[in-house]
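Engineer: Here it is, the structure, as structure tokens.
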Amino acid sequence: PDLGATEKRLLAVLQERKRILLPTTTKSTNNNNKTPTTTTTTRKEEEELFRKDEEEPRKEKAERGQREIVAVIKACASSGDPLRAEAWLTRLWEAGISSEARALNAAISAWARIGEVSRAEHWLLEMIDQDLEPNVFSFNAMLAACAEAGDLQSAHRWFSRMADARVDADAVTYRTVVGACARAGNLPLAEEWLHKMTAAGHSLDVVSCSSLVAGHAAAGDPAGAERWLQRMQEEGLRPGRASFDP
């Protein structure tokens, strides 16, 4: 998404807290072609942005900055630009605005989308260091990074840390670990986690079963894939495209 206008406004919100004017130009990178682009901000536009910000009480301004930065970080995650998300977190801190869990969760998710386990871990540990309690979304995002990377060891480690933190695993947690096992080619372990999922009171779902169908297909085991397709039909689940995409 085109974040230029939103980012320009956010820079005004943050820079106002430091009492310095916006730079006349800001550079960003288009994630599709990696070509730097330059956006020019005129003096008149700067003054207008500051005028609007002065109309708000400082506390409300900070809260709005938080909300908008979280929105931008999420947009960066959706567009596959985690470095840009990190840059906005840095701006948040430089402006003297404390982080909140939502902002760090968004950074974790940004790295999870491309399977960068180490960077996702960095931000989850940063959250813990800042005494911001990770929630189920935090751990699920971390597990998603492990699943994308096929890193079972890290997935098991973070599932254990989730339990140690007394954060209850939900259906998304289990299906993510199932997917991690299937992606790594460990289908017996994937089935074991699926049993743990149902034992914890969560119903079988299309995503979890599809992971096993696709996993067996990728392993050259048509019988196993058919078995899970049959199980899905018995459970009243309709296979989707993911069931046939290893």
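Derivation of every value follows stated rules applied to the coordinates shown; laboratory data play no part. Treat the numbers as computed from the prediction; the structure is a model and nothing was measured. FYI the Cβ positions are ideal-geometry reconstructions off the backbone, even for glycines, and counts take in every protein chain you see.
Engineer: What percentage of all Cα-Cα pairs in segment 66-225 are separated by more than 26 Å?
Structural biologist: 31 percent
Engineer: Let me ask something additional. Against the globular-protein guess of 2.2 N^0.38 Å, express the Cα radius of gyration of segment 147-246 as a ratio, rounded to two decimals.
Structural biologist: Compared with the compact-globule rule of thumb, segment 147-246 sits at 1.03.
Engineer: Still on this structure, please answer the following. Which trypsin sites (Lys or Arg not before Pro) from segment 147-236 combine a DSSP loop assignment with at most 16 other Cβ atoms within 10 Å?
Structural biologist: R166
Engineer: Dividing the convex hull volume of the Cα atoms of segment 188-227 by its residue count, what figure in Å³ per residue is obtained?
Structural biologist: Taking only Cα atoms, segment 188-227 has a hull volume of 57 Å³ per residue.
Engineer: Further question on the same structure: Give me the net charge of T173's neighbourhood, meaning all other residues with Cβ under 13 Å from the Cβ of T173; Lys, Arg count +1, Asp, Glu -1.
Structural biologist: Net charge around T173: 0.
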